[in-house]
Amino acid sequence: MDDSQLKLDVLELISQNSRQSSETIGSMLNVDKETVERIIKQLEREKVILKYSALIDWDKAESDKVTALIDVRVDPQREVGFDKVARRIYLFPEVKSLYLMSGTYDLSVLVEGHSLKEVAFFVSNRLATLEHVVSTTTHFILKRYKEDGVVFEDGESDKRMVVTP
Amino acid sequence: MSKKFVARSVDLLPPSGIRKFFDIVSQMEDVISLGVGEPDFATPWKIREAAIYSIEHGYTTYTSNRGLPELREEIARYLTRRHGLLYDPAQEILVTVGVSQAIDLALRAVLSPGDEVIVPQPSFVSYGPLATLAGGIVVNVELKEESRFVLQPEELESCLTDRTKVLFLSYPNNPTGAIITRQEMEPLAELIKRHDLLLITDEVYSELTYEGKHVSFAELPGMRERTILLNGFSKAFSMTGWRIGYAAGPADIIGAMVKIAQYATMCPPIMGQYAAIEGLRSAEADVEAMVKEYNRRRKLMLNGFRDMGLKCFEPRGAFYIFPSIKSTGLTSEEFAEGLLREYQVAVVPGSAFGSAGEGFIRCSYASSVTALSEALRRIEEFVNKERRAGNRAISGA
């Protein structure tokens, strides 16, 4: 079997549900459990698989998480471009995601905190003050409709009749 | 009380074997149902959106009896693209209220009293009853697991008489999941031509083929003029509730079907037709994604049943798997009822699809992997329990 296609299939299944057993994955791809485990270990070593996590609706969990997406405009440095500034930003643990973007701004920074004030302070005290950061525009997430392919509202339930020919 | 008003022919029709199960299951809570004959994906949003748009813009009227010309053209293009078939959308294609109506119209258009219709079994529950209602005489022939549930030429020949008019085939097959290859079709086509029969072929599961490419009977030499090709949107495009199917065939036969349809239903729902047009124009990638997902579940189920020691034919089409439960010593109905009452898993007894289905159960894998895995786990417990009970009975314990 073409190993590279098998790796992609395993990755697709793990990314949909990382708690699926190797046995179930193997059963769906017609290979044995040991082959699946070998492939997963290899992908972990190669850092293709970086982390296993769960998608949580924190609002339902009644936690006080606040998330903001900040558009950052940067003055890129000779030879290193955006990388050095990006590193100085992502090293902060409050920064959960950092992307280099095309368009009207350069970096998209996703920051999490326990309150609006906390996040706003982070941006004004730590982020906006960094050398080479030209400007920041902070957008707070007010409501999540859909994330990572999952609809947060009471999506589309199974409305089918239980037995049909 | 008013039973005397009901026609005798209808009174004599056997009730659907599935109905009994539906009635039991609907009384219970928290059942994992493997008895559903429709996809677990809602209709792709882009198709729904196109239909909603057409309603918003006032497209709510009758259409031509044959269906919207744009839809017939798209269907003709699809049949050319997929099968190299050329059908004239003006005369040789009819859009129907689901494939179910296409089956009914085809049979009513061609059967005269005394004509025999060969219906291989196990088969979808409608074929026999509709043929009977149309005045035909149903001749059943049993498909064998050893032949991968493919009709063998000898089996066909053994039930031909000088009154045989129609052969009814359906591949990929409900309930077995069997497919038929071109090589297997050729000798059947020869017999059909030699005996001047009409073939009605229900190919509604054609997109759900997991090995090789689906070949339509109409593609074979000399078959087009004696084949009514039936297909639809319910299974591949997840459009079961929209009720849109179609028939393609020689102009005189299609014309006869149109005649009946224009009196019986006028036309299929216009919003369903607009949805179908959108499906053919833009949703083929969505269909491929669904087929890929079904294929994974198919392997999960096949491996699951074989691992629990049940003999299981490998289905290569549709979304059903048909394991044999003979080794438990129970009948299909006993197995299905026991499994349902004790473990809350619903499957359809194979006997609901004809006596040839006795000893089998039909499990649909149109459900999430989580549900399927849990169902397999419970079925295994049930099978093991029955085996232990069977062993005790044999050893006289």
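Using a loss threshold of 40 Å², tell me which positions in the range A:19-46 are less accessible in the complex than in their chain alone. Probe radius 1.4 Å, ligands and nucleic acids ignored.
Residues losing area: A:27, A:28, A:30.
Tilt of helix B:251-264 relative to the longest C-alpha principal axis of chain B, in degrees (0 to 90, nearest 10)?
Orientation of helix B:251-264: about 80 degrees from the principal axis.
Using a 1.4 Å probe on the heavy atoms of the protein chains only, list every residue of the range A:138-165 that has 30 Å² or more less accessible area in the complete assembly than in its chain alone.
A:156, A:160, A:161, A:162, A:163, A:164, A:165
Only protein chains counted, 1.4 angstrom probe. Which residues of the range B:1-32 are at least 20 Å² less accessible in the assembly than when their chain is isolated?
The answer is B:18, B:22, B:25 - residues whose exposure falls by at least 20 Å² when every protein chain is included.
What range in chain A is the longest one free of trypsin sites (Lys or Arg not before Pro) that are in a loop by DSSP and have at most 15 other Cβ atoms within 10 angstrom?
Longest site-free region, per DSSP loop and neighbour criteria: A:79-142.
Tell me the chymotrypsin sites (Phe, Trp or Tyr not before Pro) within the range B:131-226 that lie in a loop according to DSSP and have at most 13 other beta-carbon atoms within 10 Å.
Qualifying residues, ordered by number: none.
Near residue A:41, which aspartates and glutamates are there with a Cα under 16 Å away, not counting those fewer than 8 places off in the same chain?
A:3, A:9, A:12, A:23, A:32
Gap in Å between the Cα centre of the range A:1-80 and the Cα centre of the range B:15-30?
The two parts, judged by their Cα centres, are 41 Å apart.
What net charge is computed for the residues neighbouring residue B:98, neighbours being all others with C-beta under 10 Å from the C-beta of residue B:98, Lys and Arg scored +1, Asp and Glu -1?
0
Give the shape of the protein assembly as shown as rounded, prolate or oblate, defined through the alpha-carbon gyration tensor: a ≥ b ≥ c are the square roots of its eigenvalues, a/c under 1.5 means rounded, and otherwise the shape is prolate if a/b is larger than b/c and oblate if not.
prolate
What is the helix-to-structure angle for B:182-194, meaning the angle in degrees between its Cα long axis and the longest Cα principal axis of chain B, kept from 0 to 90 and rounded to the nearest 10?
Between helix and principal axis, roughly 60 degrees.
What is the distance in Å between the Cα centroid of the range B:97-123 and that of the range B:191-250?
13 Å
Would you mind working out the accessible area per residue for the range B:113-220, using a 1.4 Å probe, and quoting it in Å²?
In whole numbers, the range B:113-220 has 36 Å² accessible per residue.
Can you give the net charge of the other residues whose Cβ lies under 14 Å from the Cβ of residue A:127, counting K and R as +1 and D and E as -1?
Neighbour charge sum, excluding residue A:127 itself: -1.
Can you give me the accessible area per residue for the range B:16-73, using a 1.4 Å probe, in Å²?
In whole numbers, the range B:16-73 has 55 Å² accessible per residue.
I'd like the accessible area for residue B:368: 1.4 Å probe, protein heavy atoms, all chains in place, Å² to the nearest 10.
Looks like 50 Å² after rounding.
With a 1.4 Å probe and all protein chains left in place, how much of the accessible area of the range A:1-89 comes from carbon and sulfur atoms, in whole percent?
Percent of accessible area from carbon and sulfur atoms in the range A:1-89: 46.
Test of understanding: in a Gaussian network model of chain B with alpha carbons linked when under 10 Å, which of B:360, B:41, B:335 would top the mean-square fluctuation ranking?
Per the Cα network of chain B with a 10 Å cutoff, B:41 tops the list.
Could you order A:104, A:138 by accessible surface area, starting with the largest, using a probe radius of 1.4 Å?
A:104, A:138
Select from B:355, B:183, B:89 the residue farthest towards the positive end of the dipole of the protein assembly as shown; place +1 on Cβ of Lys and Arg, -1 on Cβ of Asp and Glu, and compute about the Cα centre.
Ranked along the dipole, the leading option is B:355.
Taking a 26 Å limit on the Cα-Cα distance, which of the listed pairs B:144/B:326; B:235/B:299; A:51/B:46 fall beyond it?
A:51/B:46
Please label the shape of chain A as rounded, prolate or oblate, based on the square roots a ≥ b ≥ c of the eigenvalues of the alpha-carbon gyration tensor (a/c under 1.5 means rounded; beyond that, a/b larger than b/c means prolate, else oblate).
In terms of gyration-tensor shape, oblate.
How big a patch of accessible area, both sides summed and in Å² to the nearest 100, lies buried between A and B at a 1.4 Å probe?
Answer for the A-B pair: about 1900 Å² buried.
Compute the angle between helix B:98-110 and the longest alpha-carbon principal axis of chain B, please, reported from 0 to 90 degrees and rounded to the nearest 10.
For B:98-110 against chain B, the angle is about 70 degrees.
Can you compute the FRET efficiency between residue B:331 and residue A:96 using 1/(1 + (r/R0)^6), with r the Cβ-Cβ distance and R0 = 51 Å? Round to the nearest 0.05.
Efficiency for this residue pair is about 0.30.
Roughly how much of residue A:152 is accessible, in Å² to the nearest 10, using a 1.4 Å probe?
30 Å²
Hey, if we sort B:266, A:161, B:271, B:257 by accessible area with the 1.4 Å probe, largest down, what's the order?
The ordering from most to least exposed comes out as A:161, B:266, B:271, B:257.
Using a 1.4 angstrom probe on heavy atoms only, work out the carbon and sulfur share of the accessible area of the range B:99-226 in %.
The value for the range B:99-226 is 48 percent carbon and sulfur by accessible area.
Counting other C-beta atoms within 10 Å, and keeping those with at most 15, which DSSP coil GluC sites (Glu not before Pro) do you find in the range B:214-306?
Those that pass, being in a loop and sparsely packed, number zero.
Within 10 Å of each candidate Cβ there may be at most 16 other Cβ atoms; applying that plus a DSSP loop requirement, which trypsin sites (Lys or Arg not before Pro) in the range B:160-268 survive?
Answer by residue number: B:163, B:213.
How many percent of the accessible area of the range B:252-397 is carbon or sulfur, using a 1.4 Å probe?
Using a 1.4 Å probe with all protein chains present, the range B:252-397 comes out at 51 percent carbon and sulfur.
The values are calculated or read from the model by the stated rules, or taken from the named source; none is laboratory data. In this text the structure is predicted, and so the values were computed from the model without any measurement. We place every Cβ from the backbone using ideal geometry, glycine too, and count neighbours over all the protein chains shown. Keep in mind that these areas ignore ligands, DNA and RNA; they rest on the heavy atoms of the full protein, side chains included. Shrake-Rupley method; radii C 1.70, N 1.55, O 1.52, S 1.80 Å.
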